[in-house]
Amino acid sequence: MLTNYFSTSKLINIKTLLIVITIFVFTNFSEALCIKTESANIRLCPSTSYKKAWTVGKYMPLVKVGLSLDRNWYAVKDVDGDVNWVHRSLVSDQIKCGVVKAKKVNVRGGPSTKYSKLGFVEKYYSFKVIKIQGNWVKFQDQWGDSGWIHKSYLWIP
């Protein structure tokens, strides 16, 4: 005798799962976000009870790739391509920001190598984008310092 493997409750669960997958696949979560607080803990899972993946500073850019069931946590991708979680209260989609992805880069006084070097910054230095001119980005960091960096050394989602 053949038994019905898919009972009514299993069919309901499968339908629910398919609806969730459909919403996840066909909803565009990809959205550029920026840390708006002085620092923020990026978590392994969507809760403060989970371990920190890392702590980032103001203006660290992230890309939203998902949403927790309670809608309070965003799954975010960082400059290294890692996906972790951040609380929605710590980010903004109203600020354009970027981060240095190279080991060490020069900061210039203008948008060209003809301008003098003001100093250098290292990998994971984050900032607010003020202006983009050709392949150069004018930035301002959380302490008010500004300058220009060539776009090829940056990740700006």
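No value in this document is a laboratory result; all are computed from the given coordinates. Because the structure is predicted, anything quoted here is derived from the model rather than measured. Glycine also receives a Cβ, built like all others from the backbone with ideal geometry; neighbour counts cover every protein chain displayed.
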Is the shape of the range 70-157 best called rounded, prolate or oblate, per the rule: a/c under 1.5 gives rounded, else a/b larger than b/c gives prolate, else oblate, with a ≥ b ≥ c the square roots of the Cα gyration tensor eigenvalues? prolate
Amide H to amide H under 5 Å from residue 120: which residues, 5+ apart in sequence or cross-chain, H placed 1.01 Å off N in plane? 107
Spelling out what I want: for every residue of the range 41-47, take phi, set θ = phi - 60°, compute 6.51 cos²θ - 1.76 cosθ + 1.60 (Karplus), and round to whole Hz; glycine and proline get x. 8, 9, 9, 6, 9, x, 5
Would you mind classifying the range 91-133 by shape? Square roots of the alpha carbon gyration tensor eigenvalues, ordered a ≥ b ≥ c; an a/c under 1.5 is rounded, otherwise it is prolate if a/b is larger than b/c and oblate if not. oblate
Gap separating the Cα centres of the range 95-140 and the range 27-73, nearest whole Å: 24 Å
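Rounding to the nearest 20 debye, state how big the charge dipole of the range 24-157 is about its Cα centre with +1 on each Lys and Arg Cβ and -1 on each Asp and Glu Cβ.
Computed about the Cα centre, the dipole is about 380 debye.
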Subset of 58/123; 103/151; 58/128; 114/138 violating a 19 Å alpha-carbon distance limit: none
How large is ³J(HN,Hα), in whole Hz, for each residue of the range 69-82 in order, when computed from phi with the Karplus curve 6.51 cos²θ - 1.76 cosθ + 1.60 and θ = phi - 60°, using x for Gly and Pro? 4, 7, 6, 9, 10, 10, 7, 10, 9, 9, 4, 8, x, 6
